[in-house]
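The values are calculated or read from the model by the stated rules, or taken from the named source; none is laboratory data. No experiment lies behind these values; they were computed from the predicted model shown. Every residue, glycine as well, gets a Cβ built from its backbone with ideal geometry; the counts of neighbours run over all protein chains shown.
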């Protein structure tokens, strides 16, 4: 099956799956031991309203994935069926869950889409466009959420982050990350829609380095295919891009609303202003998680959750922040580890064993 096959199996190995699980659960256990008492647990009241909120949180998880599946089908010209889209998205999420946030699942996504017979160039272009749409929506949503929440309410007292030996406040690091995202998005947009030839030139320059010269032919082929795929994307109608952006927006909003519904499910109804502030705080937390060195932000996400959101959960008599954080990760992180591990063997059997059977049958007919 080749070195690429061995590489993807290594990424999805049991060791890579168990590490983030252990890290995340260890942090949650530490938090619970520190601030969750029997009195806090006894304050949990399961009502029809809370059940509805938990059901809506689960619905948001499903809506997020459906939005991603619709988008990948749209961007690939519906070359992927809904079944294939399901497998691609969950393997992509799986890869993102077992690799550090700074690495992400993009390389694995390109590999997966290539094995779906899209071609390296088209697969690369599709992954680049999905990243572009994600970042573009974030660029639009962040200032809007900040304005609606009230900029004066965004700061978090006593919370600082140290990067390269320099201390930053939560709002400062968010703004720095925001402008970096704007820069990266501009480069992606330029490479995909304006000057793909320039992007090819950059790839060739990079693979011109002595230690990377063995990848030069592959880089040239990828560059040519990106140029062809970019031309196809540039010819797409306004309606196509509105659908792509809308599906991106639905997925992102659903991702964040999971927390909103969990908070009101465990506590009390909140006003619209508070919900906007929770959304804004999550956008800030997401920036910090991007520089997480742990797989899928495991441990870091659990640690950041109370720093950014405790004030909306903890009351005068109880503090359910750890319980809400655990519920959040159980819904939005651990399922992708489980489902990804289930989907992987079926996908490998389809893209590898299925093709071998087709080749065998065709040879048998010609004989």
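In table form, for the structure just shown:
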read-out: Count - residues of the stretch 221-252 that are under 25 Å from the mean Cα position of the chain (by Cα) and in contact (Cβ under 8 Å) with a residue 60 or more places away in the chain; value: 15
read-out: Restricting the stretch 131-151 to residues that are without any contact (Cβ under 8 Å) to a residue 60 or more places away in the chain and within 29 Å of residue 230 (Cα to Cα), the residue that is surrounded by the fewest Cβ atoms within 10 Å (Cβ to Cβ); value: 140
read-out: Subset of the stretch 316-344 [without any contact (Cβ under 8 Å) to a residue 60 or more places away in the chain and either in a loop (DSSP other than H, G, I, E, B) or under 13 Å from residue 90 (Cβ atoms) (or both)]; value: 316, 338, 342
read-out: Selection within the stretch 205-220 - surrounded by 14 or more Cβ atoms within 10 Å (Cβ to Cβ) and either in contact (Cβ under 8 Å) with a residue 40 or more places away in the chain or part of a helix (DSSP H, G or I) (or both); value: 215, 216, 219, 220
read-out: Subset of the stretch 169-204 [crowded, with 18+ Cβ neighbours inside 10 Å, in contact (Cβ under 8 Å) with a residue 24 or more places away in the chain and over 26 Å from residue 288 (Cα atoms)]; value: 191, 192, 196, 199, 200
read-out: Residue in the stretch 281-306 that is surrounded by the most Cβ atoms within 10 Å (Cβ to Cβ), counting only those that are at pLDDT 85 or above and over 17 Å from residue 266 (Cβ atoms); value: 284
read-out: So residue 248, is it over 30 Å from residue 22 (Cα atoms) and modelled with pLDDT of 90 or more; value: yes
read-out: Among (1) over 30 Å from residue 336 (Cα atoms); (2) out of contact with any helix residue (DSSP H, G or I) (no Cβ under 8 Å at 6 or more places or on another chain) - the single one residue 197 does not satisfy; value: (2)
read-out: Enumeration of residues in the stretch 88-108 that are in a helix (DSSP H, G or I) and modelled with pLDDT under 85; value: 95, 96, 97, 98, 106, 107, 108
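Matching residues to (1) within 30 Å of residue 156 (Cα to Cα); (2) at pLDDT 80 or above:
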{"site": "175", "(1), (2)": "yes, yes"}
{"site": "181", "(1), (2)": "yes, yes"}
{"site": "189", "(1), (2)": "no, yes"}
{"site": "193", "(1), (2)": "no, yes"}
{"site": "198", "(1), (2)": "no, yes"}
{"site": "201", "(1), (2)": "no, yes"}
{"site": "209", "(1), (2)": "no, no"}
{"site": "219", "(1), (2)": "no, no"}
{"site": "223", "(1), (2)": "no, no"}
